[in-house]
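Peer 1: Dropping a structure here in structure tokens format, bear with me for questions.
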Amino acid sequence: MSFTKPDLDVIVVGAGFAGLYMLHRLRRQGLTAKILESADGVGGTWYWNRYPGARCDILSVDYSYSFDKELQTDWQWSERYAKQSEILEYLNHVADRFDLRRDIRFETRVAQAAWDDAASLWRIATEDGETLTCRHYVMATGCLSVPKDNEFDGIEAFGGEVYSTGRWPHHAVDFAGKRVGVIGTGSSGIQAIPEIAKQAKSVTVFQRTPNFSIPARHGPVADERIAAFRKDPEAYRQAARYSKLGVPGPVAMEQTKTVSDEERRRRYEHVWRTGELQPMFAQFADTLFDKAANDTMVAFMHEKIREIVDDPETAEALCPTDHPIASKRPCLDDGYYATFNLPHVSLVDLRRDPIRGIAATGVETAGGLHEFDVIVLATGFDAMTGAVVRVDIRGRDGLSLKEKWADGPQTYMGLMTAGFPNLFLITGPGSPSVLSNMAVSIEQHVEMIDDLLADMKARGREVVEPSAIAEEVWTRYNDDAGNLTLHVTANSWYMGANVPGKPRRFLPFIGGVDSYRRACDDLKAADWMGLHFRGKGETRPDDRIVRPFRPDVTAMLEAMAEAGLPPLHTLPPADLRATMAAVGEQSPKGPEVGEVRDGTFPGADGAPLRWRLYRPDTPGPHPLTLYFHGGGWVIGSEVSDDAFCRDLCVRSNSLIVSCDYRHAPEARFPAAVEDALAALDWVAKEAQALGGAPGKLAVAGWSAGGNLAAVAAQHARDHGGPALSGQLLITPVTDSDFSRPSYVENAAGPVLTRELMDYFWDHYVDPADRQDPRVAPIRATSLAGLPPAMVVVSQFDPLRDEGIAYAEAMKAAGVPVTLLVGRGHMHTSYSAVDVILSGAEMRAQMAQALDGFFEPRRHAAE
Ligand code: NA7
């Protein structure tokens with residue numbers, strides 16, 4: 001291994017928004033750099049997409065560079081949404097202003113890029129036969145820059161003109177007096193169709209999938225936004241950098257179902273009137289996650305389309321019904337739907353009348369020939385990966401990037417990929433990119449690359465590459481984030497579904513620009529976590545993981561950090577109870593159940609204790625589960641896990657009776673145990689009166705409640721009943737031993753810390769009693785003869801290993817046990833209904849386990 005001096009420190013491919021800024025930054029830190037650009041001018045996307053009506057769909061004030069104060073104030077946009085020509089003018093202005101052209105080689109296309117590991121450099125071969133070497137290679141090639149290949153037979157035989165929106169000619173195209181066919185109704189088609197219809201003799205639109213679009217309301221720049229920006233440009237940009245979409249604005253907290261129909265309608269009308277995409281996502285927290293919530297916005301959009309479009313059949317064809325709103329890129333338009341009221345515009349619904357091919361005179365569908373003078377293809381792009389893999393990129397040992405990504409892209413933060421040292425992708429798959437304001441995301445990546453290279457230079461590091469494990473975990477994190485949303489249900493270009501044969505994988509990171517940026521901040525603050533370095537005299541391996549949790553667990557932790565709660569173990573019990581009750585008040589309420597009833601039962605000391613019953617909305621009698629809440633024996637009540645109990649009731653179609661018990665420190669061990677046994681006794685006696693089916697009784701509990709449920713099951717075995725069908729133990733306390741690895745690994749949390757467990761134990765029980773099986777059920781003399789169990793643990797929970805140990809010990813004693821380990825979850829994941837959405841799949845399995853306890857024969861047959 002050597003570090004041969006290359007021709008250039010850095011080669012950047014592409015002279016669009018990303019490449020121009022990258023070059024500027026690299027030159028500023030004294031690196032030698034050149035851009036290779038296949039076009040004869042700068043602009044990237046905005047160089048190629050010159051079709052009529054082409055504009056950005058982010059307000060111009062936001063869709064601008066922020067890196068230079070004077071540029072920001074000197075440049076004045078003329079409209080809310082800049083036209084392509086004005087954005088291109090802006091990028092030309094930037095190229096001139098920062099004297100970038102002298103380091104751009106136009107009309108130069110890269111054919112191959114190969115990493116030479118021995119010399120530690122990239123060899124970049126251009127299509128005109130030249131080879132250049134560089135230490136670092138930056139692909140600033142855009143996310144929507146490679147139009148899809150033609151998919152229509154016979155197009156070469158068409159006698160008229162053919163244009164592609166993504167490769168529009170530089171001369172004006174004259175549609176006057178011509179019959180035009182447009183294929184495709186994505187953003188490009190929706191922008192182009194009204195413009196083409198203004199000139200053409202006739203326009204026929206071929207639509208495979210209708211799309212959602214709202215009026216852009218073009219006009220002068222939005223005054224309030226400009227005023228907000230001018231007031232404090234830096235604060236405005238910073239707010240954008242830590243926003244969900246890269247555009248400053250409020251974040252939705254409410255769920256759709258929590259407001260009245262009128263209020264919902266008022267908000268959707270507001271979205272329609274703003275003419276912006278961002279407010280669409282800022283009304284309700286669940287629009288992108290919950291189908292029923294999304295359907296309400298879909299219904300509103302359908303109404304709008306039906307209101308605008310005169311012909312009912314055309315209106316119906318224009319109403320999207322096969323995908324949730326925003327699961328494909330929603331559009332902004334200028335009179336799109338109304339264009340179909342013009343007498344010379346017609347729609348062909350390809351779902352009913354598919355294209356057979358293209359003939360010499362027009363487009364042939366199942367229904368017949370449509371004759372045209374011009375065909376416009378607005379059929380989209382090989383998004384996000386197309387521009388990267390179409391260059392033959394070879395990493396270490398000749399590894400081909402195309403082959404590595406055959407089943408979908410794998411990246412570290414969407415920025416680098418293992419096996420390809422010193423290769424950088426700007427806004428690559430695995431970063432927010434196309435789901436965000438590209439200007440913000442591009443600047444972030446450029447600045448991160450620039451910082452990394454400056455740091456490497458300062459420390460004599462020559463080669464950088466992500467570790468395989470860091471990349472694997474981030475790729476899974478990206479998948480996990482996508483899988484939480486409705487996006488994965490749509491056949492969109494986000495999913496690679498628009499290109500025949502492309503693997504189906506959610507490409508961009510959907511966790512938000514803010515959350516992504518915080519991950520990058522953490523990575524950098526931890527000395528470039530997850531990156532291996534090599535340099536003169538130094539090798540630094542690094543297998544640390546930047547985001548080990550599920551994305552929604554991360555989101556919850558971020559929200560908690562923002563709320564600034566004090567460390568819980570520092571609060572006196574009364575304050576801790578009040579704090580947790582306040583958190584509970586603000587949490588989603590869980591699903592509706594058939595009936596909720598409250599009452600009391602006699603506790604072990606004779607004083608009444610409260611219970612709450614949850615009954616499914618189905619005919620009874622139902623199996624019954626006695627549930628004990630969590631809270632370290634110190635906090636909580638029969639209603640503190642309300643949302644969780646509702647969820648379990650609905651999913652398992654069984655009665656849940658949540659019983660309270662006395663809490664420490666006021667009532668120390670064995671008060672809670674005795675009350676739990678009193679509850680079991682009472683429930684067994686009252687089961688039928690409560691609507692329980694005979695012989696179908698189980699116990700369940702979470703955390704300290706799981707401990708009580710396990711103890712109750714042992715007691716029932718040893719003291720003549722009641723007979724239990726099963727026990728569901730959710731992240732239970734089963735032992736008083738702090739030496740298992742999970743206690744060490746997760747001593748600092750998340751949420752449940754070693755210190756908090758110490759606090760709970762100290763309040764609950766004297767050290768001398770902690771070996772008692774009623775405290776540590778794993779220490780029972782025998783675990784044989786216990787009812788079937790499901791034990792649920794979380795990967796990042798101090799209690800993980802004792803839960804596993806209890807499951808294994810029961811199994812060894814002959815008890816049928818299912819152990820469920822929640823990957824990427826923490827102690828409080830499963831009770832956070834409608835907050836940690838990925839907990840739902842775990843709760844579904846818990847409900848299934850209950851059903852299995854009650855209907856063992858049915859489950860055995862399955
Ligand atoms: P899109 O959004 O991918 O739209 C392409 C359109 O072309 C879409 O309606 C497709 O229908 C249609 N299409 C693609 N292939 C075919 C074939 N073979 N037959 C019929 N119809 C077809 O690309 P755009 O250029 O409009 O927009 C891309 C992004 O640029 C946009 O989202 C903004 O972010 C800016 P489908 O939906 O696949 O059924």
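Readers should treat all values here as calculations from the given coordinates under stated rules, not as data from a laboratory. It should be emphasised that the depicted structure is a prediction, and the values quoted were computed from it without experimental measurement. Positions of Cβ are generated from backbone atoms using ideal geometry, with glycine treated the same way; all protein chains shown enter the neighbour counts.
Peer 1: Along the three principal axes, how long is the range 329-370 when you take its alpha carbons, biggest first, rounded to the nearest angstrom?
Peer 2: 32, 27, 19
Peer 1: Neighbour counts of other C-beta atoms within 10 Å: give me C659, C331 arranged from fewest to most.
Peer 2: C331, C659
Peer 1: A further question follows. How long are the semi-axes of the equivalent ellipsoid of the range 661-714, taking √(5λ) for every eigenvalue λ of the Cα gyration tensor, in whole Å from largest down?
Peer 2: 23, 12, 8
Peer 1: For K536, list the lysines whose Cα falls under 17 Å from its own Cα; do not include residues on the same chain fewer than 8 positions away.
Peer 2: Partners found: K5, K457.
Peer 1: Tell me, what is a quarter of the convex hull surface for the C-alpha atoms of the range 237-289, in nm² with one decimal?
Peer 2: With every direction weighted equally, the projected area is 3.8 nm².
Peer 1: Pop the C-beta distance of D153 and A497 into the FRET formula with R0 = 25 Å and round what comes out to the nearest 0.05.
Peer 2: The calculated FRET efficiency here is 0.70.
Peer 1: Tell me, what HN-Hα J-couplings in whole Hz come from the Karplus equation 6.51 cos²θ - 1.76 cosθ + 1.60 at θ = phi - 60° for each residue of the range 223-230, using x for Gly and Pro?
Peer 2: Computed from phi, the couplings for the range 223-230 are 4, 4, 5, 4, 5, 4, 5, 5 Hz.
Peer 1: Same structure again: Can you give me the orientation-averaged projected area of the convex hull built on the Cα atoms of the range 26-107, in nm²?
Peer 2: Hull-based average projected area comes out at 5.9 nm².
Peer 1: Follow-up. Taking every Cα atom in the range 302-402, find the radius of gyration and the maximum pairwise distance Dmax, and write them in Å.
Peer 2: Over the range 302-402's Cα set, Rg and Dmax evaluate to 19.4, 62 Å.
Peer 1: For q = 0.15, 0.20, 0.28, 0.34 Å⁻¹, what log10 I(q)/I(0) does the range 184-223 give under the Debye formula with an equal point scatterer on each alpha carbon and no solvent?
Peer 2: Cα-only, vacuum Debye calculation for the range 184-223: -0.46, -0.71, -1.04, -1.20.
Peer 1: While we're on this one: Report, as a whole number in µm² per second, the diffusion coefficient that Stokes-Einstein gives for the chain at 37 °C and 0.692 mPa s using the Kirkwood radius over alpha carbon pairs.
Peer 2: Using the Kirkwood radius from Cα pairs, D works out to 109 µm²/s.
Peer 1: A follow-up question, please. Among F229, G44, L288, which residue has its Cα positioned farthest towards the positive end of the charge dipole of the chain, with +1 placed on the Cβ of Lys and Arg, -1 on the Cβ of Asp and Glu, and the dipole taken about the Cα centre?
Peer 2: So the residue we want is G44.
Peer 1: How large is the convex hull of the C-alpha atoms of the range 396-439 per residue, in Å³?
Peer 2: With only Cα atoms used, the range 396-439 gives 69 Å³ per residue.
Peer 1: Let me ask another. Normalised by the number of residues in the chain, what is the relative contact order in percent for Cα pairs under 8 Å and 6+ residues apart?
Peer 2: It rounds to 10 percent for the chain.
Peer 1: Still on this structure, please answer the following. Which of the peptides 557-563, 498-504 is most tightly packed, and how do the rest follow, judged by the mean count of other Cβ atoms within 10 Å per residue?
Peer 2: 498-504, 557-563
Peer 1: For the chain, take the longest principal axis of its alpha carbons; what is the angle in degrees between that and the long axis of helix 291-308, to the nearest 10 within 0 to 90?
Peer 2: Around 40 degrees separate the two axes.
Peer 1: Around A789, which amide H atoms from residues at least 5 apart in sequence, or from another chain, sit under 5 Å from its own amide H, with H modelled in the peptide plane?
Peer 2: Close amide H contacts, sequence-distant or interchain: Q727, V817, T818.
Peer 1: Now for a separate question. Please compute the modelled spin-label separation between T32 and D117, points set 7 Å along Cα→Cβ, answer in nm with one decimal.
Peer 2: The answer from the label model is 2.7 nm.
Peer 1: Still on this structure, I have one more. Place the peptides 720-729, 354-363 in order of packing, highest mean first, counting for every residue the other Cβ atoms within 10 Å and averaging per peptide.
Peer 2: Top of the packing list down: 720-729, 354-363.
Peer 1: Could you work out [θ]222 nm for the chain from helices alone, using -39500 (n - 2.57) per DSSP H run of at least four and dividing by all its residues? Round to the nearest 500 deg cm²/dmol.
Peer 2: -10500 deg cm²/dmol
Peer 1: Then there is this: Straight-line reach from K257: which lysines have a Cα under 26 Å away, not including same-chain ones fewer than 8 places off?
Peer 2: K244, K291, K304, K328, K589
Peer 1: Right, next: For the residue pair E130 and A748, what label-to-label distance in nm results when each label sits 7 Å from Cα along the Cα-to-beta-carbon direction?
Peer 2: A separation of 5.0 nm, rounded to one decimal place.
Peer 1: Translational diffusion coefficient of the range 155-242 at 4 °C, 1.567 mPa s, Stokes-Einstein with Kirkwood Rh over Cα pairs, in µm²/s as a whole number.
Peer 2: 78 µm²/s
Peer 1: Between A559 and H170, what is the FRET efficiency for a Förster distance of 51 Å, r being their Cβ-Cβ separation, to the nearest 0.05?
Peer 2: 0.55
Peer 1: Determine one quarter of the surface area of the Cα convex hull of the range 810-862, which equals its mean projected area, and express it in nm² to one decimal.
Peer 2: Orientation-averaged projected area of the Cα hull: 4.8 nm².
Peer 1: On a 0 to 90 degree scale, rounded to 10, what angle separates helix 642-652 from the longest Cα axis of the chain?
Peer 2: 90 degrees
Peer 1: So if each residue of separation counts as 0.36 nm, and I subtract the Cα-Cα distance between D718 and D74, what length gain in nm does that give?
Peer 2: Result for the pair: 223.6 nm of gain on full extension.
Peer 1: What is the range 693-770's relative contact order, in percent, from Cα pairs under 8 angstrom and six or more apart in sequence?
Peer 2: About 27 percent, as a whole number.
Peer 1: Further, regarding this structure: Filter the trypsin sites (Lys or Arg not before Pro) in the range 67-155 down to the DSSP loop ones having no more than 14 other Cβ atoms within 10 Å, then list what survives.
Peer 2: Filter output for the range 67-155: R109.
Peer 1: How are the alpha carbon pair distances in the range 587-673 distributed across 5 Å bins from zero to the largest one, expressed in percent?
Peer 2: For the range 587-673, the binned pair fractions read 3, 15, 24, 23, 16, 11, 7, 1, 0 percent.
Peer 1: For the range 101-205, what does the relative contact order come out to in percent, with C-alpha contacts under 8 Å and a separation of six or more?
Peer 2: 15 percent
Peer 1: Which value, to two decimals, describes the C-alpha radius of gyration of the range 170-303 once divided by 2.2 N^0.38 Å?
Peer 2: Taking the Cα Rg and dividing by 2.2 N^0.38 Å, one obtains 1.33.
Peer 1: What's the FRET efficiency of K5 with E269 using the Cβ-Cβ distance as r and R₀ = 45 Å, to the nearest 0.05?
Peer 2: For K5 and E269, the calculated efficiency is 0.10.
Peer 1: log10 I(q)/I(0), Debye, Cα-only the range 54-169, no solvent, q = 0.11, 0.19, 0.20 Å⁻¹?
Peer 2: For the requested q values the scattering log ratios are -0.64, -1.16, -1.18.
Peer 1: What per residue convex hull volume, in Å³, comes out for the range 247-374 when only alpha-carbon positions are used?
Peer 2: Cα convex hull per residue, to the nearest whole number: 141 Å³.
Peer 1: I'm checking a number: the convex hull volume of the Cα atoms of the range 53-99, normalised per residue, in Å³. What is it?
Peer 2: In the range 53-99, the Cα hull volume divided by residue count equals 66 Å³.
Peer 1: Calculate how steeply helix 438-458 sits against the longest principal axis of the alpha-carbon atoms of the chain, using the helix alpha-carbon long axis, and give the answer as 0 to 90 degrees to the nearest 10.
Peer 2: Once rounded, one gets 80 degrees.
Peer 1: Same structure again: Extending each Cα 7 Å along its Cβ direction at E224 and A812, get the distance between those two points in nm, one decimal.
Peer 2: It is 6.6 nm.
Peer 1: Scan around E462 for amide H atoms under 5 Å from its own, H built in the peptide plane at 1.01 Å from N, and keep only partners 5 or more places away or cross-chain.
Peer 2: Counting only residues 5 or more places away or on other chains, the set is R534, G535, K536.
Peer 1: Report ³J(HN,Hα) in whole Hz for each residue of the range 530-539, in order, from the Karplus equation J = 6.51 cos²θ - 1.76 cosθ + 1.60 where θ = phi - 60°; Gly and Pro get x.
Peer 2: x, 10, 8, 10, 10, x, 5, x, 9, 10
Peer 1: Here is a further query. Using a ≥ b ≥ c from the Cα gyration tensor of the range 543-692 (square roots of the eigenvalues), is it rounded, prolate or oblate, where a/c under 1.5 gives rounded and otherwise the larger of a/b and b/c decides, a/b for prolate?
Peer 2: oblate
Peer 1: Once you order the gyration tensor axes a ≥ b ≥ c over the Cα atoms, which shape class does the range 481-603 get: rounded for a/c under 1.5, otherwise prolate or oblate by comparing a/b with b/c?
Peer 2: Here the range 481-603 falls in the oblate category.
Peer 1: How big is the gap, in Å, between the Cα center of the range 549-623 and the Cα center of the range 294-321?
Peer 2: Centre-to-centre distance over Cα atoms comes out at 41 Å.
Peer 1: Also, quick follow-up: Expected output is a single nm value to one decimal: the length gained when fully extending between V251 and R779, i.e. 0.36 nm times separation in residues minus the C-alpha distance. What is it?
Peer 2: Here the answer is 185.2 nm.
Peer 1: R217 label point, 7 Å along Cα→Cβ, cut-off 16 Å on backbone N: hits in the range 282-308?
Peer 2: Answer for this model: 282-283.
Peer 1: Now a separate question. For R102 and D521 in one chain, what is 0.36 nm times their gap in residues minus the Cα-Cα distance, to one decimal in nm?
Peer 2: Gain on extension, R102 to D521, equals 147.5 nm.
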